[in-house]
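Below: the structure, in structure tokens.
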Amino acid sequence: MKIADSFIELTAIQKIIIATLLIASAGNNSFAQDAPKPYGPIPSKAQIQWHQTELFGLVHFSTTTYANLEWGYGDEPAAHFNPTEFNAEQIASAAKAGGLKGLILVTKHHCGFNLWPSKYNDSYSVKNSPWKDGKGDMVKEYAEACKKYGLKFGVYLSPWDRNNKDYARPEYITYYMNQLRELLTNYGPIYEVWLDGANGGDGYYGGAKEKRIIDKNSYYPFDKIFALVRLLQPNAAIFSDIGPDARWVGNESGWANDTCWATFTPKNRDNENLPATPGNTKYEEGLGGHRDGKYWIPAEADFPLRGGWFYHPKEQPKTPETLWKVYLKSVGRGTGMDIGLAPDTRGLLCDDDVKALQGFGNILNGTFTNNLAVKARITAGNTRDNNSNFSTVHLIDNDTETYWATDDIVTNCGIVFEFPEPVTFDIVRFREYLPLGQRIEGWEIAAWIGNSWKVISEGASVGSCRIIETKPITTSKVRLRITKSPVCPALSEFGLYLKSSSTDPDQTAKEEILNSMKQSQDFWNAGDLEGFMHNYWRSDSLKFIGKTGITYGWDATLKRYRTSYPDKAKQGTLKFDFIHLDKISDDAWSQVGKYTLVRGKETLSGHFMLLWRKINGHWLIVADHSS
């Protein structure tokens, strides 16, 4: 490998300085460089944990569900709220299967209905519904289900309340703060507190049925709201148009700009000299953030799994492939991905929603399980102080606390991943080491094709995660080049992957084998013995073991069947019952079952054991032991 493969050419002065530092450090350890200094705004502990959550859900369920609306007016009867089959574990398990790491529950939407028995609301909460005779606590059940399934739990408490008689008055603020305190003290650890910018309008308001307008810049005491969260849940991230921990990406389609910075300066829509407030900020700038932003406020990209945030019978969920595309444009551009989940009137996610999440989870699990880069010999143009603490091995150690970095003077650098044998990939994922800030401003991915490097992707921002999807590429070398950075880069991960299907390969194998057996049964009952053997291996190595001995080969086995069952009367009607289907390896399964053969008044039965192998893309029986 030529040294030029692995780094951008340094200037003569840079080479002299680096050489001098290396010589000096060889004789005096005091010249050794420490860890790089952070650059720009850096994330808090809560924000680091939020970044690591990465993919989560936002659950909408209320009296609004029963009215088939998106925004409840505030007068939807509590008496209609009766999810008789509600099961928080069904929703949590579906989220887990979909790869989600947390759930945020809409504890109160704009309609004002409370999903918990708040002591501050005696007229419009689960206490006033027939569900569990008014003794239920849906927030508690969600919190417990999340804990059981290893999911983080968050809450959304709508500032706007179209039911409360005091909304737009000072008394409502006291009510809101009291309810927030309830949620933050009674349900265990909260990882995110979610706030939006819906601010006043028409509503029921205790029967007034009028329009109420608030001062968007001053009515909600967001400084006190944020302070209360910090006091009661110091590890919780706060989401709103302005953060302070995560910002709205600016749309409800789940995508960010290709260049998306975690740094951001919220701006008041009315007057940039005024403090920005949720609901009155230039939220559209959240799509890309600001490279020179004053604060670390990364984007959260939210969108509903179905057409709307609440369940509507005529809508359908997005497909697993659509969810994957959104994932690439959100998580793959450094944002969090927030999928809106909408239980139906039973209090359950419908089957189509569960299947969509499962398919999406299959893609994620199948794709990111095997990092091909771990097989590579990794060479960097520069490693900080030649110190193992900053070695390229940290790019593939699956440890978010370690990273590769260069010397301070080296801001443009390349890394080559060279494989002993060619690999095929179509996904590239890499991450910056966030505690040091967002440093990289330009990068390039290239593959060795033929006798030269071919650039397959390039961009600007990296941040918490950058994912690139390409057409499948087979190569022996891949290069990542940092082409622009104001300070030395620091990367915590690099991976090459091959995208997986939305279907579970084991489940697919089972279905193909069982379908094949059903076809054999149908061929038999139609009197077609050759068709019956369509799934037997056409080889002399096929082994059939029956009551009268062993037969080898497909032709001989077919002949044996024809001798034993010369006509339709002898063949009778066949029925298979399956007992076990067990995986041996990716291309081998064993099957144990029972057969029943009815011929007039005579009924014969027995057991069989089959060995299946996947040969040329088809599951075939290579051994059959019947008794």
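The values are calculated or read from the model by the stated rules, or taken from the named source; none is laboratory data. What you are looking at is a predicted structure, and each value in this text was computed from that prediction instead of being measured. All Cβ positions, even for glycine, are placed from backbone atoms using ideal geometry, and neighbour counts span all protein chains on display. SASA here: full protein model, heavy atoms, side chains in, ligands and nucleic acids out. Shrake-Rupley method; radii C 1.70, N 1.55, O 1.52, S 1.80 Å.
Listed cross-link partners Lys318/Lys499; Lys96/Lys583; Lys152/Lys471; Lys329/Lys510 are compared with a 27 Å cut-off, the Cα-Cα value being larger for Lys152/Lys471; Lys329/Lys510. Listed by chain and number, the lysines placed with their C-alpha closer than 25 angstrom to that of Lys209 are Lys108, Lys119, Lys127, Lys165; residues fewer than eight positions away on the same chain are left out.
Relative protection proxy for 413-420, 151-158, from highest mean packing down: 151-158, 413-420 (other beta-carbon atoms within 10 angstrom).
The order of the peptides 279-291, 598-610, 445-457 by mean Cβ neighbours within 10 Å, most packed first, is 279-291, 445-457, 598-610.
Once you have a ≥ b ≥ c as the square roots of the Cα gyration tensor eigenvalues for the stretch 523-603, tell me rounded if a/c is under 1.5, and otherwise prolate or oblate according to whether a/b is larger than b/c. Oblate, since a/c reaches 1.5 and b/c is not below a/b. Residue ranges 50-57, 259-266 sort as 259-266, 50-57 when ordered by packing (mean number of other C-beta atoms within 10 Å per residue, highest first). For Lys499, neighbours were defined as the other residues whose beta-carbon sits under 9 Å from its Cβ, and their charges (Lys and Arg +1, Asp and Glu -1) total -2.
Separation of the alpha carbons by more than 28 angstrom is noted, of Lys45/Lys147; Lys101/Lys216; Lys148/Lys325, for Lys101/Lys216; Lys148/Lys325.
Whole-Hz Karplus values for the stretch 121-133 come out as 9, 9, 10, 8, 8, 4, 4, 9, 10, x, 4, 6, 6 Hz, taken residue by residue from phi with 6.51 cos²θ - 1.76 cosθ + 1.60 and θ = phi - 60°; glycine and proline positions read x.
Local charge sum around Gly293 (other residues, Cβ-Cβ under 13 Å, Lys/Arg +1, Asp/Glu -1)? Overall, the nearby charge balance is +3. A simple spin-label model places the labels of Glu252 and Tyr552 7.0 nm from each other, with each point 7 Å out along Cα-to-Cβ. Solvent exposure of the chain, expressed per residue, is 44 Å² of accessible area, with all protein chains present and a 1.4 angstrom probe.
For Lys140 and Ser627 in one chain, what is 0.36 nm times their gap in residues minus the Cα-Cα distance, to one decimal in nm? Can you show the working numbers first?
Working: separation 487, 0.36 × 487 = 175.32 nm, distance 5.53 nm.
The span from Lys140 to Ser627 would gain 169.8 nm if fully extended.
Computing Rg and the Kirkwood Rh from the Cα coordinates of the chain gives a ratio, Rg/Rh, of 1.08. Placing R0 at 25 angstrom, the Cβ-Cβ distance between Tyr120 and Lys45 gives a FRET efficiency of 0.20 after rounding to 0.05.
Derived scalar couplings between HN and Hα for the stretch 392-406 equal 5, 4, 6, 6, 10, 8, 6, 10, 6, 8, 10, 6, 9, 8, 9 Hz in order, rounded to whole Hz, by the Karplus curve 6.51 cos²θ - 1.76 cosθ + 1.60 (θ = phi - 60°), x for Gly and Pro.
What net charge do the residues around Lys211 carry, taking every other residue with its C-beta under 11 Å from that of Lys211, with Lys and Arg at +1 and Asp and Glu at -1?
Values: positive: Arg162, Lys209, Arg212; negative: Asp202, Glu210.
Net of charged neighbours comes to +1.
So in the chain, what percent of DSSP beta bridges are antiparallel if you round to the nearest 5?
The antiparallel proportion sits near 70 percent.
Were the residues from Lys209 through Asn178 laid out at 0.36 nm apart, the gain over their Cα-Cα distance would be 8.7 nm.
A simple rule links phi to the HN-Hα coupling: the Karplus curve 6.51 cos²θ - 1.76 cosθ + 1.60 with θ = phi - 60°, which for the stretch 359-364 gives x, 5, x, 4, 4, 4 Hz, with x for Gly and Pro. Report the residues of the stretch 396-425 in range of a label on Ser476: point 7 Å along Cα→C-beta, backbone N strictly under 15 Å from it. Correct set: 417-424. Surface composition of the chain: carbon and sulfur make up 51 percent of the accessible area, probe 1.4 Å. Placing pseudo-labels 7 Å out from each Cα toward the beta carbon at Asn68 and Gln316 gives an inter-label distance of 1.9 nm. Remark: spin-label model distance Lys148-Glu512 equals 3.6 nm, labels positioned 7 Å along the Cα→Cβ axis.
Using a Förster radius of 56 Å, what is the FRET efficiency between Phe368 and Glu602 based on their Cβ-Cβ separation? Nearest 0.05, please.
Values: r = 56 Å, r/R0 = 1.00.
The formula returns an efficiency of 0.50 here.
Contact order for the stretch 515-627, expressed relative to its length and based on alpha carbon pairs under 8 Å spaced 6+ residues apart, stands at 24 percent.
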